[in-house]
Amino acid sequence: MSKSKQERCLQCRLVVQECICSDITPFRTEHRLTLLTNKREEYIHSNTGRLLRLMLENNSLIYVGEKGWEDKVEFEIARSEYTPVIFFPVTPFSDGQEIVKEKGKPLNIIVLDTNWSSARRWLYKIGSMEVKKIGLRTVPPSKYYLRKQPKKENLCTFQAVVSLLEELGSGSSGPATSHMNEMFALWVKSMAKERGLTFPSLGSGH
C-alpha cells in the first residue's frame, strides 16, 4: 500500500500504526482557545490546529467562510468571563500578561489556523471588531521540522499557542504545556518519518 493510501487516524491524522491519541491527556486551561480555520485545513494531514483541539478542552472551532461565522466570532468576543484577544505574533501587538493583569480575568485567545497569507486577510476581516492583538514576548526556535519557516516568528499554530500559554503562566498551564510539547515532538517525528525527512533529535519540547 502506498504512503498516500495508508489508513490514517481521523483525529491526529497520523497513519494508524503511529497514532498517538491513546497517549493524549486533554487539559482544561484557564484561558479559552477560539480556533478560526477553514474546511481546506481539515484535509491537510500536517495541520497542527487539530492537535490543539485534541489536547485543550476549553476550545471552540469556527470555520471562516461558512454562513454565520462572523456571528460566532462575535459570540466568543462577547463572553463576559474572558477578555477576547487575537493572537497574531507579528509586531506591533499588546502584551497578553499585561491584559490579564489589567482586566483581572483569563483570555479568550482567537487563533487564525491557516497559512500566513490567509491569516492576514482574516485579521483584516475581524479587525473591525475592536479586539486587541497579542503576540509572544520571546519567539522560540521552531520545532515544526516538516517545513522551513519563512521567518523566525512564523511558528506553526500548535507551537505558537503552547508558547503563549507558557508565557501567560497560569497555574494549570505547566503540566498541560509539558504534555503538549511531548506529544507534539512525537507527532512531528512520526510525520517526518512518513515523509522520509531527517531533522535534529527531538526531546520533550523543553
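Summary table
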{"item": "The chain: antiparallel DSSP beta bridges as a percent of all, rounded to 5", "result": "5"}
{"item": "Dimensions in Å of the chain - Rg and Dmax from alpha carbons", "result": "16.8, 56"}
{"item": "Under 5 Å, built H, 5+ apart or other chain: amide partners of residue 94", "result": "133, 134, 135"}
{"item": "Two-site label geometry, residue 97 and residue 78: point separation in nm, points 7 Å out along Cα→Cβ", "result": "3.4"}
{"item": "Stokes-Einstein diffusion coefficient of the stretch 1-116, Kirkwood radius over Cα pairs, 10 °C, 1.306 mPa s, in µm²/s", "result": "99"}
{"item": "Spacing of the two label points (7 Å from each Cα toward its C-beta) at residue 21 and residue 8, in nm", "result": "1.3"}
{"item": "Residue-span extension gain [residue 69 to residue 42] - 0.36 nm each, minus C-alpha spacing", "result": "8.1 nm"}
{"item": "Difference of contour (0.36 nm per residue) and Cα-Cα distance, residue 61 to residue 138", "result": "25.0 nm"}
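Taken together, the values in this text are just the output of simple stated rules run on the coordinates, not laboratory data. All figures in this text were calculated on a predicted structure; none of them were measured in a lab. Neighbour counts are summed over all protein chains in view; Cβ atoms, including those assigned to glycine, are modelled from backbone coordinates with ideal geometry.
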